[in-house]
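Have a look at the structure below, then the notes.
Quick note: the coordinates plus some simple rules give every number you see, no bench work behind them. Small disclaimer: the values here were computed from a predicted structure and weren't measured. Cβ: placed from backbone, ideal geometry, glycine included. Neighbour counts: every protein chain shown.
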Amino acid sequence: MSNALAAFAGAGRAMRSPSFGGSVGSGGAGRATRHTETMFLPGPVLSEMKLVQDELDNRTILTHLEAALQQGRPRGSVGELDTSTVAVDELQACVQQCDRLEPKTALARQYVDTGFRILYLRRAL
């Protein structure tokens, strides 16, 4: 992911709603006052930001689940399976977080579904 895209994503997360506020200004005599301004973003800007955020969420699902699935796997071969290496906590947290991102592509949905199935399988070991 490019640095510019990542920076844009950070801004997008802060602005998931159509408006956001910030405080500006300071008062006199050692007292701070708050002045809140609200900026409304035009529809096309929001649409683009949502598109980019959805793309970043999709990439997050694919990369994080791929990494989580590599951790905590059983080792060995048939008849000599070592289940002492099986771990589910990291995979469970990752799958749940990715599912909350609401996968938008068939591939991302498949990754999340696979994550849940592997989690179930590892718990059985």
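Which whole-Hz couplings ³J(HN,Hα) result when phi for each residue of segment 104-114 is put into the Karplus expression 6.51 cos²θ - 1.76 cosθ + 1.60, θ = phi - 60°, listed in order with x for Gly and Pro?
Result, rounded to whole Hz: 9, 10, 4, 5, 5, 4, 5, 4, 5, 4, 5.
If I model a spin label at E48 and A124 as a point 7 Å from the Cα along the Cα→Cβ vector, what separation in nanometres do I get?
Reported label-point gap for E48 and A124 is 4.9 nm.
Please give the peptides 54-66, 113-125, 71-83 ranked by average Cβ packing (other Cβ atoms within 10 Å per residue), highest first, as a rough proxy for protection.
54-66, 113-125, 71-83
At a Förster distance of 30 Å, what's the computed FRET efficiency of E80 paired with R59, Cβ-Cβ distance as r, to 0.05?
Working from the Cβ atoms, E equals 0.20.
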